[in-house]
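**Student:** A single structure is presented below for examination.
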Amino acid sequence: MVNSSGRWRAALTATAVFALLLPAGVAQAAPESAKINKAVLSDARTSSFLVRLRDQADLTTALQARSKPEKGKEVYQAKVEFAASSQGRLQRMLTEQKVEFTPFWAVNAVKVVGDADLARHIAKLPEVESIEPNATVDDPRTFPAMAHPKVNGVEWNLDRIGAPRVWNEFGTRGEGIVVGNIGRGVKFDHPALATQYRGRKSDGSVDHNYSWYDAARSCPSAAPCDTFTGNDTRYVSVMVGEAGADTIGVAPGAKWIAASGCRFTPCDYASVLAAGQWMLAPTDLGGRNPRPDLAPDVVTTNLLFSPAALGAGFRALQKQLLDAWVAAGIFPVFGTNLTVGYGLCGTIYGLNQDDNGYSVGMFDINNAISPYSGRGPGTNGEVKPNIAAPGVMIRTAAVDGGYSTVFGADYGAAHVAGTVALLWSAAPSLRRDIPATRALLDRTAIDVDDTSCGGTAEKNNVWGEGRLDAYATVRDAPREAVGGLTGKITSQDGTPLAKAVVTVSGAQPRTVVTDAGGNYELVRLAVGNHRVRVKKLGYRTATAVATVPATSTVSHDVRLRPLPVRTVSGTVTIDGAPQKGAQVAVAGTPESVGTDAAGRYRISLPRGDHELAVTSLPESCAGGRTVSIEVDADIAKDIAKDIAKDIAKDIAKDIAKDIALPRRTDSFGYACVVGTESYVAGTEPKPLGRQLVQLPFAFPFYGESHREVTVSKDGYLSLDRTVRSQLNYPLPSYFSQVGAIYPFWEETTSPAFPTPWLYTATLGTAPNRTFVLEWRDVAPVRDPASRLSYSVLLGEDGSVGFRYRGISNDLTAGSSATIGIEGKRDTTAAFPFSYDRPVLTDGMSLTFASQRHGLVGGTVVDAASGQPLANATVKIGDEVTTTAADGTFIEQMPSDDYSITVSKGDYDTVTREVDVEVGKRTTVDLALTAGR
């Protein structure tokens, strides 16, 4: 790091500097603001930002290297030399102006401490590609969980993937392999981790050089520590943990190293990059004397790259780091936990999106996918996650030196990292061969049929290739002579065909999908003849025999003949409104298209019967739907033969197939509607602080009635007085005992202090009243200069409405907020609308109502006096409630016919029959006669 010794303008004016630095004859253009992320331009205060340089080092030599040390050395040399050359002019300028900066070589970027004015001048350099804010990276949440008994003497998760069978039958526990973790730090002296720490010597002493890097300066001494959530101690223990006979790790014979990229919450992006760079060439404790030969074999992190950081510039930096790891022979594996909650499609982001990142979902002891497991599709519609592994109710090491059972923090990825350690230890020829390792993990996974987010029974966006099977992976590792097969799939005219499915048959069938250039590669195939089949929607299937030689790769190109096709087009809607960004996939194929802003799609299909599987954006109120469509075979043949020109002319038109999606509902029956209903403000200010607010009516919510709500400044109201964290969680949050409503759950402040931030109002007349709670002119803590207002409308009919105004940037649009509703914890009923995604717009409204329930309510009185009877027992079907002080009752019931029975003390019991209809209120007033 180059330290600042004064304001950058004090050394030399920017104009003069650029006049000196630019080559002779180069005109001084106006500031290139288009290169600068608007978040940098809008920050008037001194802060840091990342300058991304054009072009990248050529890693071809590293990719061709055979040994891991050679690969690491080639990557390090290529990256360092290229960064020194391309960053030279920028670094000289910053040094002369006494600007604090930190150069990176793993990614061609420089962290600069300065303001928007400095960024504008840096952007004038032609070698500068973009300038991005030094964004934040989140760490995942971990929740306590119920412990499960051991299975066959080991933890259930280890037994489920077959790790003990690997230990016993193949005699390996990961010996000789090193796993690297990027996070907040690890308790290195925990009994389950102390022996496995690479920094521990055979005599019991420790040397932290090259095994620990504190990029964020988070620990009080030079030793590794975990002073925060304990997530990384738990995480590393799932990979390698063992203390005596107590084994909790997949590969307890492997070693671990770690780098801390976090000091505060959220984490600093540049610190995380520094930790990722260190993994390529670990250094001593002073950050000097890099050793690429000491890089880990596997690297993983449970840090989540914020959705706000997913612009093109951040994605480019992320890809540079991933590509460098892979070129160096390091296997990168990441979990998908807590991207958004509760089963939403399209919730893969960050490191998981990239081709080079091996992403992992998570399942529980019942082999059910976790609601917190991220779902695809990934970048360009590819299937993500890649695989799924145990991640719920996992026994781990705890930061206090003991053990605890938890779920969260991407423990599924830790299982895969441990499995790679077992595999590379058992089959040394696979070590550093990342494509072959990925193929083996994929091929040996246990298929799970779940196409709810697209894909096929064998490979889908919920489970990827299926459940991890560590035993099968090691068992099927090739130990004989192997070769490879590569090639290009094109049409008859030579046009490359993406998403063609190439299958090689044999004892261990292999399948790959071609990339955008029509290329495919199959590595580590058994030597000999293989039958190759190529399928592509709209083309004839081609088969051939290819001979794979030993220790080399043979090329096998295929040209496919097109079939007659029809274009199917239409509009995807919900409630008549077009659905932008919905994915229309052809079931059983990798083909899919997205809808445009008007909800339109177009896709070409050959003759025959097809199914179109449609999924929506996570923040949509629409659910998924699969529809059938038939392309007429006889007419298609006539066109192909050009027999009937008039028919061919008519048939050349698109086949119209509009698709109306159902509303998405949660397990209780709540659905939502997005609109632009008018903003509704409160009129009565409330005192400062957390509020317990009495409601003017009984509010029905998730089958229970409520007379009060607890309102937090941090954008939520609870129906059970439960206080939630200032930091938002995905839904279901596992805080709720009864229920909660989240219009904008994010840590906020009231810039207008001591002016009240909460206002209430009651609108309408019974039984159609609405109670309004408005958060007025609050600001996200991350950006106190921003302002937004939002209100919650609680309907006497059980509806919940949200209104928003003042949305002006990603933060106020929800990029770090949770929006939705949830019911009882024991039923996990919840409707997550969004989590950490900027989905709100100014003037937007969002309304929730049950699609399965109606209301039954009324008043119970004394027949003689007409006075209301409090605490009378009201039984509606199997539900039992009591009347309030004013004799009223209200219940939210599924649509059906019910008997209502009312009783109280010495009064006669009265029974009535009622018919409950969805969305309607049935009023039943009852009079009880005393003197039974």
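**Student:** Quick one: in segment 592-616, which of the residues that are charged (D, E, K, R) and either under 24 Å from P564 (Cα atoms) or in the same structural domain as V513 (by TED's automatic domain parsing) (or both) is surrounded by the fewest Cβ atoms within 10 Å (Cβ to Cβ)?
**Tutor:** Quick first cut of segment 592-616, residues charged (D, E, K, R) only: 596, 600, 602, 607, 609, 611.
Filter once more, keeping what is either under 24 Å from P564 (Cα atoms) or in the same structural domain as V513 (by TED's automatic domain parsing) (or both): 600, 602, 607, 609, 611.
On the way: R600: 16, R602: 13, R607: 19, D609: 10, E611: 13.
Filtering segment 592-616 for residues that are charged (D, E, K, R) and either under 24 Å from P564 (Cα atoms) or in the same structural domain as V513 (by TED's automatic domain parsing) (or both), the one surrounded by the fewest Cβ atoms within 10 Å (Cβ to Cβ) comes out as D609.
**Student:** Return only the number of the condition from (1) in contact with a Pro (Cβ under 7 Å, 6 or more places away or on another chain); (2) closer than 26 Å to T615 by Cβ that S491 does not satisfy.
**Tutor:** The single condition S491 does not satisfy is (2).
**Student:** Within 30 Å of I819 (Cα to Cα) and either outside any helix (DSSP H, G or I) or at pLDDT 95 or above (or both): does that describe S667?
**Tutor:** yes
**Student:** Still on this structure: I'm trying to understand the selection: among the residues of segment 52-64, which are over 28 Å from S552 (Cβ atoms) and either outside the structural domain of P126 (by TED's automatic domain parsing) or out of contact with any Asp or Glu (no Cβ under 6 Å at 6 or more places or on another chain) (or both)?
**Tutor:** Result: D55, Q56.
**Student:** Going through segment 195-246 one residue at a time, which ones are at positive phi and either polar (S, T, N, Q) or touching a residue at least 60 places away in the same chain (Cβ under 8 Å) (or both)?
**Tutor:** Matches in segment 195-246: Y210, G230.
**Student:** Check T379, T339 and return the single one that is more than 16 Å from R837 (Cα to Cα), modelled with pLDDT under 85 and in the same structural domain as G230 (by TED's automatic domain parsing).
**Tutor:** Numbers: T339 fails: more than 16 Å from R837 (Cα to Cα).
Step by step, each of T379, T339 is checked, and only T379 is more than 16 Å from R837 (Cα to Cα), modelled with pLDDT under 85 and in the same structural domain as G230 (by TED's automatic domain parsing).
**Student:** Looking at R173, is it among the charged types (D, E, K, R), assigned to a loop (DSSP other than H, G, I, E, B), closer than 30 Å to D447 by Cβ and in the same structural domain as T195 (by TED's automatic domain parsing)?
**Tutor:** Yes.
**Student:** Being more than 30 Å from G153 (Cβ to Cβ) and assigned by TED's automatic domain parsing to the domain that holds A417: is that true of A223 here?
**Tutor:** Values: more than 30 Å from G153 (Cβ to Cβ): yes; assigned by TED's automatic domain parsing to the domain that holds A417: yes.
Yes, satisfied.
**Student:** What are the residues in segment 878-908 that are within 44 Å of the chain's Cα centre (by Cα) and among the aliphatic types (A, V, I, L, M), if any?
**Tutor:** V880, I890, M893
**Student:** Please indicate, with yes or no, whether at least one residue in segment 579-591 is surrounded by fewer than 16 Cβ atoms within 10 Å (Cβ to Cβ) and either farther than 25 Å from V631 by Cβ or assigned by TED's automatic domain parsing to the domain that holds R607 (or both). Before the answer, list the steps.
**Tutor:** First pass over segment 579-591, keeping only residues surrounded by fewer than 16 Cβ atoms within 10 Å (Cβ to Cβ): none.
Looking for residues that are surrounded by fewer than 16 Cβ atoms within 10 Å (Cβ to Cβ) and either farther than 25 Å from V631 by Cβ or assigned by TED's automatic domain parsing to the domain that holds R607 (or both), one finds none in segment 579-591, hence no.
**Student:** Can you confirm whether D915 is part of a strand (DSSP E or B) and within 23 Å of G798 (Cα to Cα)? Before you say what the answer is, go through the steps one by one.
**Tutor:** Details: part of a strand (DSSP E or B): yes; within 23 Å of G798 (Cα to Cα): yes.
When the stated conditions are applied, D915 passes them.
**Student:** Answer yes or no as to whether I161 is modelled with pLDDT of 95 or more and in contact with a helix residue (DSSP H, G or I) (Cβ under 7 Å, 6 or more places away or on another chain). It would help to see each step written out before you state the result.
**Tutor:** Numbers: modelled with pLDDT of 95 or more: yes; in contact with a helix residue (DSSP H, G or I) (Cβ under 7 Å, 6 or more places away or on another chain): yes.
It is true that I161 is modelled with pLDDT of 95 or more and in contact with a helix residue (DSSP H, G or I) (Cβ under 7 Å, 6 or more places away or on another chain).
**Student:** Could you tell me which of the residues V723, V778, V738, V792 is under 19 Å from S678 (Cα atoms) and in contact with a strand residue (DSSP E or B) (Cβ under 8 Å, 6 or more places away or on another chain)? Lay out the reasoning, then the answer.
**Tutor:** Details: V723 fails: under 19 Å from S678 (Cα atoms); V778 fails: under 19 Å from S678 (Cα atoms); V738 fails: under 19 Å from S678 (Cα atoms).
Exactly one residue qualifies, and that residue is V792.
**Student:** Which pairs have Cβ atoms under 6 Å, sit 6 or more apart or on different chains, and link a residue in segment 680-701 that is closer than 24 Å to F831 by Cα to one that is at pLDDT below 90 and buried (at least 16 other Cβ atoms within 10 Å of the Cβ)?
**Tutor:** A698/S705; F701/G739
**Student:** Under the condition of being buried (at least 19 other Cβ atoms within 10 Å of the Cβ) and among the small types (G, A, S), which residue from segment 492-537 is farthest from V554 (Cα to Cα)?
**Tutor:** Among them, the one singled out is A500.
**Student:** Quick one: P767 ticks every box in (1) at pLDDT below 95; (2) under 28 Å from V137 (Cβ atoms) except a single one, so which number is it?
**Tutor:** Condition not satisfied by P767: (2).
Residue-wise test of (1) farther than 28 Å from R782 by Cα; (2) assigned by TED's automatic domain parsing to the domain that holds A312; (3) at pLDDT 90 or above; (4) crowded, with 19+ Cβ neighbours inside 10 Å.
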position: K38; (1), (2), (3), (4): no, no, no, no
position: L50; (1), (2), (3), (4): no, no, yes, yes
position: R66; (1), (2), (3), (4): yes, no, no, no
position: Y76; (1), (2), (3), (4): yes, no, yes, yes
position: V99; (1), (2), (3), (4): no, no, yes, yes
position: A109; (1), (2), (3), (4): no, no, yes, yes
position: A123; (1), (2), (3), (4): no, no, yes, yes
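**Student:** Can you give me the number of residues within segment 448-488 that are within 22 Å of N157 (Cα to Cα) and in a strand (DSSP E or B)?
**Tutor:** Residues that pass the stated criteria total 2.
**Student:** OK, next. Can you confirm whether D557 is in contact (Cβ under 8 Å) with a residue 40 or more places away in the chain and within 30 Å of G483 (Cβ to Cβ)?
**Tutor:** yes
**Student:** Out of V545, V534, V512, V523, report the one residue that is over 30 Å from F170 (Cβ atoms), assigned to a strand (DSSP E or B), within 38 Å of the chain's Cα centre (by Cα) and not small (G, A, S). Step through it out loud before you land on a result.
**Tutor:** Details: V545 fails: within 38 Å of the chain's Cα centre (by Cα); V512 fails: over 30 Å from F170 (Cβ atoms); V523 fails: over 30 Å from F170 (Cβ atoms).
Just one listed residue meets the conditions, V534.
Yes/no per residue for (1) touching a Lys or Arg at 6+ places or on another chain (Cβ under 9 Å); (2) among the basic types (K, R); (3) closer than 13 Å to H853 by Cβ:
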{"site": "I890", "(1), (2), (3)": "yes, no, yes"}
{"site": "P894", "(1), (2), (3)": "yes, no, yes"}
{"site": "I900", "(1), (2), (3)": "yes, no, no"}
{"site": "S903", "(1), (2), (3)": "yes, no, no"}
{"site": "D906", "(1), (2), (3)": "yes, no, no"}
{"site": "E913", "(1), (2), (3)": "no, no, no"}
{"site": "V918", "(1), (2), (3)": "yes, no, yes"}
{"site": "T922", "(1), (2), (3)": "no, no, yes"}
{"site": "D925", "(1), (2), (3)": "no, no, no"}
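**Student:** How about segment 255-268: which of its residues are touching a helix residue (DSSP H, G or I) at 6+ places or on another chain (Cβ under 9 Å) and crowded, with 24+ Cβ neighbours inside 10 Å?
**Tutor:** Within segment 255-268, W256, I257, A258, A259, S260, G261, C262 meet the criteria.
**Student:** From the list P191, P220, P252, pick out the single residue that is part of a loop (DSSP other than H, G, I, E, B) and either among the hydroxyl-bearing types (S, T, Y) or crowded, with 20+ Cβ neighbours inside 10 Å (or both).
**Tutor:** P252
**Student:** Please pick out the residue among A870, A885, A864 that is under 22 Å from G798 (Cβ atoms) and outside any strand (DSSP E or B).
**Tutor:** The unique qualifying residue is A885.
**Student:** For residues in segment 681-726 being of a type in the set (A, V, I, L, M, F, W, C) and in a loop (DSSP other than H, G, I, E, B), which is farthest from E746 (Cα to Cα)?
**Tutor:** Ranking the qualifying residues of segment 681-726, first place goes to A681.
**Student:** So G581 fits all but one of (1) modelled with pLDDT of 90 or more; (2) assigned to a loop (DSSP other than H, G, I, E, B); what number is the exception?
**Tutor:** Single failed check for G581: (1).
The rows are residues; the columns are (1) over 28 Å from F889 (Cβ atoms); (2) buried (at least 19 other Cβ atoms within 10 Å of the Cβ).
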residue: T749; (1), (2): yes, no
residue: W757; (1), (2): yes, yes
residue: A761; (1), (2): no, no
residue: T765; (1), (2): no, no
residue: L773; (1), (2): no, yes
residue: V778; (1), (2): yes, yes
residue: E796; (1), (2): no, yes
residue: T812; (1), (2): yes, yes
residue: S816; (1), (2): yes, yes
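**Student:** When you go through (1) assigned to a strand (DSSP E or B); (2) over 22 Å from S705 (Cα atoms) one by one for P838, which number turns out not to apply?
**Tutor:** Only one criterion in (1) assigned to a strand (DSSP E or B); (2) over 22 Å from S705 (Cα atoms) is unmet by P838, namely (1).
**Student:** Quick check: is even one residue across segment 404-413 more than 21 Å from I182 (Cα to Cα) and in contact with a helix residue (DSSP H, G or I) (Cβ under 8 Å, 6 or more places away or on another chain)?
**Tutor:** Checked segment 404-413: at least one residue is more than 21 Å from I182 (Cα to Cα) and in contact with a helix residue (DSSP H, G or I) (Cβ under 8 Å, 6 or more places away or on another chain).
The values are calculated or read from the model by the stated rules, or taken from the named source; none is laboratory data. In this text, all values refer to a predicted model and were calculated from it rather than measured experimentally. As a convention, Cβ positions derive from the backbone with ideal geometry for all residues, glycine included, and neighbour counts pool all protein chains shown.
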